[in-house]
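Student: What follows is a single structure, and I will ask about it in a moment.
The values are calculated or read from the model by the stated rules, or taken from the named source; none is laboratory data. The model shown is predicted, which means the values in this text are computed figures rather than measured ones. So basically every Cβ, Gly included, is an ideal-geometry build from the backbone, and we count neighbours across all protein chains shown. What goes into the accessible areas is simple: the full protein's heavy atoms, side chains included, and nothing from ligands, DNA or RNA. Shrake-Rupley method; radii C 1.70, N 1.55, O 1.52, S 1.80 Å.
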Amino acid sequence: MRKKRVLLFSEGFGTGHTGAAYALAEGIKLLNPDVQCRVIELGKFLNPMVAPWILSAYRKTVSSQPKLVGMMYKTQYHKSLNPLTKMALHRIFYTHASQVIEQLKPDLIICTHPIPAAVISRLKRRGLEVPLYTLITDYDAHGSWVNSEVNRYLVSTPRVKSILTGRGIAPELVTVTGIPVHPKFWERSNKTLLRKELGLADIPTVLIMGGGWGLMFGKEIMNSLTARMDNIQLIFCMGSNEKLIAKMKSNPRLNHPNVRILGYTSEINKLMDASDLLITKPGGMTCTEGQAKGIPMLFYKAIPGQEEKNCQYFVELGLAEVLDCEVVNKWFSMMLREYSVLEEQRKRRLAPDKHQPQSCATTVLQMLGNPADKTADIRGARSQARGEEPVCITP
């Protein structure tokens, strides 16, 4: 009997969209190994020479002109991509998308970025019969995600569902699944043992993530972070920004036994488990991974637009705060004086009634007609929160 096939299309604008696709694919394969999944960054796959230039231009624009990015996000917030734009995208960059689909013969297509979702929607309007799901990877729903040909939307929260239904999408076409996280984030490991495995000191630890591009913050914040290095361990994960990593490693102030400076790593799950506080940009995937691990979060430099909405959502739930020097000092003092209280709060945030990490993968399997394999090894799996009930992170 032919195995069911799920084809996941994304794009490399940031790391979260593709990260969500891979997370869902791995979750599906864990819950039912008989389902085949493949993740493709469609534009890069079809245009290997041009795509890096486009992504580089986008990265530079986000870094140097965030206000422009925010203005574009807000002015187009209620608008779907118009037919002319879809046609231009299809003919210029995605001409061979239908050939990819014909060759791989999926039973279901899931898009984790608005552009491939728009392209596949156009193909469906022209006769493609494969069901199309759109997985929205933030805690907001920009108009560019919306296409009338989409068979189902998978969203992070009931609020995002309300936004979509307010735009005329039938409620039965929107399912609240949470944003998927990789199965590595479904369970929490022993902190002390992990610190030993990673060669870290067994002291209060802060994980500072610069995003997949290694974006950073200013001098005042850095001074606040490094003021208590003798008692608090700092782990900097700067992604692929090699210049910033080299600059930080050459900084005498950061030459300290309790400071680690890392580039790209596939062990963020372990580093979150080994840490007591996460400082990060409020990208949808990183926020969701932190939530799945129950770690309190401080957010800095939200990109105007979807990251601002992500930040607002987690702050309102009491799962995060906005970073400034005063907030850093408050949290560092709490880690030194009230460590056991913070750890107990973290355990409560990981209670089974607040977490369902496999929800998105389970939903997809059910709709595909291949329910989760009861023999799949998901023992001890913890869950990603779906509820809207606020959970305070401070004593």
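Here is a yes/no grid of residues against (1) among the acidic types (Asp, Glu); (2) open to solvent by less than 10 Å² (accessible area, probe 1.4 Å); (3) assigned to a helix (DSSP H, G or I):
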position	(1), (2), (3)
Ser224	no, no, yes
Ile235	no, yes, no
Asn269	no, no, yes
Asp273	yes, yes, yes
Pro282	no, yes, no
Cys287	no, yes, yes
Tyr313	no, no, yes
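Student: Among the residues of segment 133-155, is any surrounded by fewer than 18 Cβ atoms within 10 Å (Cβ to Cβ), closer than 29 Å to Gly290 by Cβ and without any contact (Cβ under 8 Å) to a residue 40 or more places away in the chain?
Tutor: No, segment 133-155 has no match at all.
Student: Hey, another quick one. Give segment 92-121 a look and list any residue that's crowded, with 16+ Cβ neighbours inside 10 Å, closer than 16 Å to Ser10 by Cα and of a type outside the set (A, V, I, L, M), or say none.
Tutor: Phe93, Tyr94, Ser98, Pro106, Cys111, Thr112, His113, Pro114, Pro116, Ser121, listed by residue number.
Student: Can you report the number of residues in segment 292-350 which are under 18 Å from the mean Cα position of the chain (by Cα) and aromatic (Phe, Trp, Tyr)?
Tutor: Matching residues across segment 292-350 total 4.
Student: For segment 229-247: of the residues being at pLDDT 90 or above and either β-branched (Val, Ile, Thr) or touching a strand residue (DSSP E or B) at 6+ places or on another chain (Cβ under 7 Å) (or both), which is farthest from Leu336 (Cα to Cα)?
Tutor: This residue is Cys237.
Student: Turning to a different aspect of this structure: State the number of residues belonging to segment 5-36 that are in contact with a strand residue (DSSP E or B) (Cβ under 7 Å, 6 or more places away or on another chain) and either at pLDDT 95 or above or of a type outside the set (Asp, Glu) (or both).
Tutor: Total satisfying the criteria: 18.
Student: So, one more: Among the residues of segment 17-39, which ones are closer than 17 Å to His182 by Cβ and open to solvent by 20 Å² or more (accessible area, probe 1.4 Å)?
Tutor: Passing the criteria: His17, Gly19, Tyr22, Glu26, Lys29, Leu30, Pro33, Cys37, Arg38, Val39.
Student: Next question, about the same structure. What is the one condition in (1) out of contact with any Lys or Arg (no Cβ under 9 Å at 6 or more places or on another chain); (2) without any contact (Cβ under 8 Å) to a residue 60 or more places away in the chain; (3) not small (Gly, Ala, Ser) that Ile235 does not satisfy?
Tutor: (1)
Student: A further question on this structure: Return only the number of the condition from (1) open to solvent by less than 10 Å² (accessible area, probe 1.4 Å); (2) on the phi > 0 side of the Ramachandran plot that Gly127 does not satisfy.
Tutor: Gly127 satisfies all of (1) open to solvent by less than 10 Å² (accessible area, probe 1.4 Å); (2) on the phi > 0 side of the Ramachandran plot except (1).
Student: Ile203 fails exactly one of the following numbered conditions: (1) under 27 Å from Gly294 (Cα atoms); (2) open to solvent by 30 Å² or more (accessible area, probe 1.4 Å); (3) within 21 Å of the chain's Cα centre (by Cα); (4) not charged (D, E, K, R). What is the number of that condition?
Tutor: (3)
Student: Turning to a different aspect of this structure: Here are Ala302, Ala292: which of them is open to solvent by less than 10 Å² (accessible area, probe 1.4 Å), modelled with pLDDT under 95 and touching a Pro at 6+ places or on another chain (Cβ under 9 Å)?
Tutor: Ala292
Student: Then there is this: Which numbered condition in (1) small (Gly, Ala, Ser); (2) out of contact with any Phe, Trp or Tyr (no Cβ under 9 Å at 6 or more places or on another chain); (3) surrounded by 15 or more Cβ atoms within 10 Å (Cβ to Cβ) is the only one that Gly239 fails?
Tutor: Going through (1) small (Gly, Ala, Ser); (2) out of contact with any Phe, Trp or Tyr (no Cβ under 9 Å at 6 or more places or on another chain); (3) surrounded by 15 or more Cβ atoms within 10 Å (Cβ to Cβ) one by one, Gly239 breaks only (2).
Student: In addition: Of all residues in segment 336-366, count the ones that are under 30 Å from Pro131 (Cα atoms), open to solvent by 60 Å² or more (accessible area, probe 1.4 Å) and modelled with pLDDT of 90 or more.
Tutor: Count: 1.
Student: Right, here's the next one. Does Asn47 satisfy being open to solvent by less than 40 Å² (accessible area, probe 1.4 Å), in contact with a Lys or Arg (Cβ under 9 Å, 6 or more places away or on another chain) and more than 12 Å from Ile110 (Cα to Cα)?
Tutor: no
Student: What pairs come out if I take residues in segment 238-249 that are under 17 Å from Thr286 (Cα atoms) and pair them with residues that are open to solvent by 100 Å² or more (accessible area, probe 1.4 Å) and of a type outside the set (A, V, I, L, M, F, W, C) whose C-beta lies under 8 Å away, six or more apart or interchain?
Tutor: Qualifying pairs under 8 Å: Gly239/Tyr264; Ser240/Tyr264.
Student: Considering only segment 252-264, how many residues are surrounded by 13 or more Cβ atoms within 10 Å (Cβ to Cβ) and either of a type in the set (Gly, Ala, Ser) or outside any helix (DSSP H, G or I) (or both)?
Tutor: Result for segment 252-264: 8.
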